[in-house]
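Below is one structure; the comments refer to it alone.
Please treat every number below as a calculation from the coordinates, not as lab data. No experiment lies behind these values; they were computed from the predicted model shown. Here the Cβ is made from the backbone with ideal geometry for all residues, glycine too, and neighbour counts use every protein chain on show.
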Amino acid sequence: MPVRLVPVVGTALGLVLAVVLVIGAAIGSPVLAAVAGGLLGTAVLAVQLDSWRRVRSLRTYLRDEIRASRAPAQPAAAVAGPSEADLLGAVQLLQAQYTGRLDRMQAALDDALARTGSQADHDPR
């Protein structure tokens, strides 16, 4: 079963059991209500235990990854860093994008002020 279907199937099963529980209580059948309630409780317990297992395995995985990152790294081959031209180009690109955004914001603000000032019922306070 695909992983994405598990929550859908689980939710549908829980809703069916809840409906059976309500129907059993409504028609006065304590056996049906007890069985549906027990199955619903078992399903909730199974989901809780699965989530507990997943959290525990994630903790173990993260602990191992943190320990591995603290280990002394093996010397890697010399990698050339970015050149000054690369850094200068990146800064100029960011500056141009920022300036363009500021220009668009200023134009939108001027347009909004012009529309607000042209309204007859505008209160200038």
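Worth pointing out:
- For the chain, the longest principal axis of the alpha carbon atoms and the long axis of helix 84-118 meet at an angle near 90°.
- Cα-centred dipole magnitude for the range 1-71, charges only on beta-carbon of K, R (+1) and D, E (-1), debye, nearest 20: 460
- With Cα atoms, 0 to 90° folded angle of helix 5-26 axis to the chain main axis: 40
- One compactness figure for the chain is 2.28, namely its Cα radius of gyration divided by 2.2 N^0.38 Å.
- Length gained on full extension, ALA34 to VAL6, computed as 0.36 nm times the residue gap minus the Cα-Cα distance: 7.6 nm.
- Legend: calculated FRET efficiency, VAL55 to VAL19, from the Cβ-Cβ distance at R0 = 22 Å, rounded to 0.05, equals 0.10.
- Rounded to 0.05, the FRET efficiency of the LEU62 and SER83 pair, given R0 = 35 Å and the Cβ-Cβ distance, is 0.45.
- With the convex hull of its Cα atoms as the shape, the range 1-71 has an orientation-averaged projected area of 5.8 nm².
- Choice from ALA33, ALA43, ALA85 showing the highest fluctuation, given a GNM over the chain with Cα pairs closer than 10 Å: ALA85
- Relative to the longest principal axis of the Cα atoms of the chain, helix 30-70 runs at roughly 40 degrees.
- Based on Cα contacts under 8 Å between residues 6+ apart, the chain shows a relative contact order of 12 percent.
- On the basis of the beta-carbon distance and an R0 of 35 Å, LEU94 and SER118 show a calculated FRET efficiency of 0.45.
- For the range 1-71, the relative contact order comes to 21 percent (Cα pairs under 8 Å, sequence separation of at least 6).
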